[in-house]
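The values are calculated or read from the model by the stated rules, or taken from the named source; none is laboratory data. On a predicted model such as this, the values are computed, not experimentally measured, just so you know. Using ideal geometry, Cβ is built from the backbone for each residue, glycine included, and neighbour counts are taken over all protein chains shown. For accessibility, only protein heavy atoms count, side chains too; no ligands or nucleic acids. Shrake-Rupley method; radii C 1.70, N 1.55, O 1.52, S 1.80 Å.
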Amino acid sequence: MQLSRSQACGAIFRAGVAAVDGYAVVGKALQLEGEWLRIGEEYIDLSGIRRLVVVGAGKATWAMAAAVEAVLGERIDSGVISVKYGHAGSPALERIRVIEAGHPLPDAASLKGADEALALLDGCEDNDLVIGLLSGGASALWEQPVAGLKLADLEETQRVLLASGADIAAMNSVRRALSTIKGGGAARHASPARCSVLVLSDVLGDDLDTIASAPFRPAAAVSRHSACAEIERLGLRPHLPAAVLRFLDSADGLEEGSGEVATSNPPHTVVANNAQAVAAAAEHARRLGYRVECWPEPLVGPVESVVEAWWQAVAGVDLSEGPVCLIGGGEPTVTLPQSPEEGGRSQHAALLLALRARARGRDDVTLLCAGTDGTDGPTTVAGGCVDGESAARMEAVGYDPVNAVENFASGPALAAAGAQVVTGPTQTNVMDLWVALVG
């Protein structure tokens, strides 16, 4: 049976997500041969290890931890990970405790998860092995404020950063200065134990100083002066809590333990990233019979600009050799009004594309924008899949798509048109995939 364009879009997206599944990619990176454990390119002799401890945080960390348990089983002495609410899978892990916590804003459980992880690390000795597991979302799921700040200060700071249109690198450079577990804090607590970290990247270029706010990279600690400069650049000073500004203004030195040479960072192995998801999605599109064009650059910058460039590419597709699939990946940014309604960056992008498709009278295109983690902003929806008739379907049931764009209310409008992409937690997180089928 031939798939409709919307069905094909969904199938292509799911193929990209499946290729970066947390359980599968960690299972490939981790191999036990007798007493030797291979982690990426690193080989560790377990015969000399007293205790093996697993700690981690992120939306995909449950699947990553399940893969570690499958390989190492009873060799694991203890462990604790933090995941987003609803992102713990089944059956329950046997050796590693799971704490569910808040995302995108940290909550009390974020403090609890960090406290328990650091308590485990504090008990480590030089003949112990720590396996760290990190994926996107860890910056909110592991939180421990510096002295003088409270959880409410970090929560409000994160709220401001999320609404500012800042990219993940800018946001995490500020957050690293305000939290003792970030910027190498976890590694410092684990010292003198041996650490090896598995990373599922939600950052373009796999920048290890940005992913998860770098809890195992002491050389990534951020000075208060640098954080202040980033805040000034973004124009956020009037919106941040007074306690945060007092802390950042109180000294211009580096945070404790920072400034160390890069060799102090334990080895990190990136097990999956957005490029792998894009490649797998492209391969599936070819199997479905589409001629594939991959977007040559990451989808980054203000979502409105990205949508305009994407639409121009879609509108210019050459159909002389048959239907075309355009695929791209990245993470556009969105600047939110004071009181945004329900939605997220992927749903907002899909709604903008629906309006362009209708305005140009294109009934031969279907466009999907969705987060590979299965969540878009603070919602349980991955994104949207629209075509030239989506806007009319919204209006038919009483939703004005233009008004929905202006009020950042993409969620209800897409739901009314049956155009939301709902996957549930995917146990991965490598930013967003966009798919356009033309012809």
- Of all the residues that make up the range 247-266, how many are surrounded by 15 or more Cβ atoms within 10 Å (Cβ to Cβ) and at pLDDT 50 or above? 5
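Can you say whether GLU143 is at pLDDT 95 or above and open to solvent by 40 Å² or more (accessible area, probe 1.4 Å), as far as the supplied structure shows?
Numbers: at pLDDT 95 or above: yes; open to solvent by 40 Å² or more (accessible area, probe 1.4 Å): no.
So GLU143 fails the test.
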- Task: Inspect all residues belonging to the range 185-206 and state whether any of them is touching a strand residue (DSSP E or B) at 6+ places or on another chain (Cβ under 7 Å), of a type outside the set (Phe, Trp, Tyr), at pLDDT below 95 and open to solvent by 10 Å² or more (accessible area, probe 1.4 Å).
- Result: yes
- Residue check, LYS84 of a type in the set (D, E, K, R) and in contact with a strand residue (DSSP E or B) (Cβ under 6 Å, 6 or more places away or on another chain): no
- Task: Examine the range 403-411 for a residue that is over 12 Å from GLY343 (Cβ atoms), assigned to a loop (DSSP other than H, G, I, E, B) and modelled with pLDDT under 95, and state whether such a residue exists.
- Result: no
- Qualifying residues in the range 350-384 (those that are of a type in the set (S, T, N, Q) and assigned to a loop (DSSP other than H, G, I, E, B)) - the one most open to solvent (accessible area, probe 1.4 Å): THR380
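Taking the range 294-335 on its own, how many of its residues are among the aliphatic types (A, V, I, L, M), open to solvent by 60 Å² or more (accessible area, probe 1.4 Å) and in contact with a helix residue (DSSP H, G or I) (Cβ under 9 Å, 6 or more places away or on another chain)?
Matching residues across the range 294-335 total 1.
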- Message: Just to check your reading of the model, which residue among GLY148, GLY113, GLY185 is of a type outside the set (S, T, N, Q), touching a Phe, Trp or Tyr at 6+ places or on another chain (Cβ under 7 Å) and closer than 14 Å to VAL55 by Cα?
- Response: GLY113
- Enumerated helices (runs of 4 or more DSSP H) restricted to the range 1-117, each holding at least 1 residues that are among the acidic types (Asp, Glu), over 19 Å from GLY137 (Cα atoms) and open to solvent by less than 60 Å² (accessible area, probe 1.4 Å): 61-72
- Quick one: which of ALA219, ALA281 is at pLDDT below 90, assigned to a helix (DSSP H, G or I) and open to solvent by less than 40 Å² (accessible area, probe 1.4 Å)? ALA219
- Can you confirm whether the range 117-128 contains a residue that is under 26 Å from GLY377 (Cβ atoms) and more than 16 Å from the chain's Cα centre (by Cα)? no
- Message: Checking ASP387 against (1) in contact (Cβ under 8 Å) with a residue 60 or more places away in the chain; (2) closer than 17 Å to CYS369 by Cα; (3) surrounded by 24 or more Cβ atoms within 10 Å (Cβ to Cβ); (4) within 26 Å of the chain's Cα centre (by Cα): exactly one of these is not met. Which one?
- Response: (4)
- Message: Any residue that is under 20 Å from PRO267 (Cα atoms), of a type in the set (Val, Ile, Thr), crowded, with 18+ Cβ neighbours inside 10 Å and at pLDDT 95 or above - is there at least one of those in the range 125-135?
- Response: yes
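Yes or no, residue by residue, for (1) under 26 Å from LEU240 (Cβ atoms); (2) among the hydrophobic types (A, V, I, L, M, F, W, C); (3) more than 17 Å from the chain's Cα centre (by Cα); (4) in a loop (DSSP other than H, G, I, E, B):
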site: THR157; (1), (2), (3), (4): yes, no, yes, no
site: LEU161; (1), (2), (3), (4): yes, yes, no, no
site: GLY183; (1), (2), (3), (4): yes, no, yes, yes
site: CYS195; (1), (2), (3), (4): no, yes, yes, no
